[in-house]
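The structure appears below as structure tokens.
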Amino acid sequence: MNRQTAADDNASGPMDYDHACLNYDFSRTAGKSNVQLLVELLYPLKNSLLLDVGCGTGNHVLKLRDLARHVVGLDPSAGMLSQAKAKAWDASLLRADAQFMPFSNRAFNAAYCIQALHHVPDKGKFISELYRILKPGGRFAVESCSHEQLATFCCYHYFPRALEIDRQRIPDIGEVAELLSAAGFCDITIHVCPLEDGFRDAPADYLDKRVRDGSSTFALLTAVEIEEGCERIRQDMRSGKAAGIEADYRLKAGRMAGRVSFVRAVKP
């Protein structure tokens, strides 16, 4: 689903999540603060039919399944869904395209999408589908990163073209709010959230191929770019600079109160 430029001729291409599912959870989890804020934004969940769009390996399905009447997870990757099924065996998991969801009108009380919007080619179509399948008063929360928040990840210090790639494919938070408004949603609000232990972003983490294999960003870099970035990390670790660089990026994140944002909206 990702677009590539001519500079990416030697990159591996768009992420194969049926393969990446094996390493996806190695570098990310559903962090406590993240889940708490999501629950607040979707309140009330009790007796609700809840949809997780782009559920991946089911980290959030697992956390929310006991808070709602029922949770449905939707993802286009059979491999990701197989991992989700192993965690949340009693959840309803469905392989489908978010742009053409196989649900009736006004089927769900609430829905959410965690770090998956940038994988959808036609985002307007996706948002319109969400509007269709939500009941009146239905809540939707989408988690992503603003372009300013992206710059707080030290990954980009060592793999600089990755920041350009991600800013091209990840819509800025204001753009997400505009998409929701254009589809007819109201009461649109933006909420910054810390990642805490939900994502690994120390320089040394990126030397681990499992971390890189679980990130769609690295699928769009060339092998040369990845090796050059890893060598810069190794040099900084030997010199002792890596710890200071990591601290600087954490300080940037702290000034912003968090590295991710939720955009929350309501269907009138």
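Derivation of every value follows stated rules applied to the coordinates shown; laboratory data play no part. Note that the coordinates shown come from a computational prediction; the quantities given were computed from them, not determined experimentally. Please note: Cβ atoms are built from the backbone with ideal geometry, for glycine as well, and neighbour counts cover all protein chains shown.
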Run the quick spin-label model on Glu227 and Glu178: label points 7 Å from Cα toward the beta carbon, then report their separation in nm to one decimal.
4.1
For helix 123-133, what angle does its Cα long axis make with the longest principal axis of the chain, in degrees from 0 to 90 and rounded to 10?
30
Helix 241-256 sits off the longest principal axis of the Cα atoms of the chain, rounded to the nearest 10 on a 0 to 90 degree scale, by 30
Say the cut-off is 27 Å between C-alpha atoms; which of Lys123/Lys267; Lys46/Lys267; Lys32/Lys125; Lys46/Lys87; Lys85/Lys209 go over it?
Lys32/Lys125
Mind checking Rg over Rh on segment 107-156, alpha carbons, Kirkwood formula for Rh?
1.09
Ranked output for segments 96-107, 218-229, 49-60 by mean other Cβ atoms within 10 Å, highest leading, reads 49-60, 218-229, 96-107
List residues of segment 124-142, by number, whose backbone nitrogen lies under 19 Å from a label position 7 Å along Cα→C-beta of Gln99.
124-133
Toy charge model, Lys and Arg Cβ at +1, Asp and Glu Cβ at -1: the chain dipole around Cα centroid in debye, rounded to 20, equals 860
Ranked from fewest to most other Cβ atoms within 10 Å of their own Cβ, Ile188, Ile165 fall in the order Ile188, Ile165
Roughly how big is segment 202-268's charge dipole about its Cα centre, with Cβ charges of +1 (Lys, Arg) and -1 (Asp, Glu), in debye to the nearest 20?
480
